[in-house]
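Take a look at the structure below.
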Amino acid sequence: VAAGTLTIGFGDLMTLLCAVFFAAQIIAIARFSQTYDVLGLTVYQSLFGGMLGLLLGVATEPFPELAAVANPDFLLNLAYLVVFASGVCYVLQNIGLAHVPEAQGSLLLSLESVFGVIASVLLCGEVVTGRMMLGFALIFAAILMSELAPQPEKREAPTETAPAPELEESPSATP
């Protein structure tokens, strides 16, 4: 796929699939955090993701050389990614998701790509393209429409009236 085209490739489809799973994760954390401890949920989430990633890696990637894995720079980078980029960030994200409705949480987390690009421009000197600006505008417009649009009124569920209790005859009233 050429860099200047707006076609959908394999990576785009994988991104859409990841977005579906990301939405499921947001909903699951918001729902389960009402019953279970957020820190515990995050630990299980990390263990499951780590085991699944390890299994997929072993199945699809060659094992790295021992010298590369034993390199102190590699181990330091790996420790940083595990502790800060994964552990701390997921704990903070899940705590936040536990305290906001799912829709608002997903809107806030949709800004992740925007902040990622801003960081890459500021820290790495990446050039902002028209395609990036279009993406920013679409994300921002979607958030504004979602938050500022009038909300439909919620219908209250009809309340059922309890049947009147049956009166029992007292023993003294019988002949």
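Here, each number is a calculation from the coordinates, and none is a lab measurement. Just so it is clear, the model here is predicted, and its values are computed rather than measured. Please note: Cβ atoms are built from the backbone with ideal geometry, for glycine as well, and neighbour counts cover all protein chains shown.
The slack between V58 and N71, meaning 0.36 nm per residue of separation minus the straight C-alpha distance, is 2.7 nm.
Coordinate range of the alpha-carbon atoms in segment 15-109 per principal axis, descending: 47, 25, 22 Å.
For segment 5-124, the relative contact order works out to 44 percent when only alpha carbon pairs closer than 8 Å and six or more residues apart are counted. For the peptides 72-82, 55-65, the ranking by packing is 72-82, 55-65, with the highest mean count of neighbouring Cβ atoms within 10 Å listed first.
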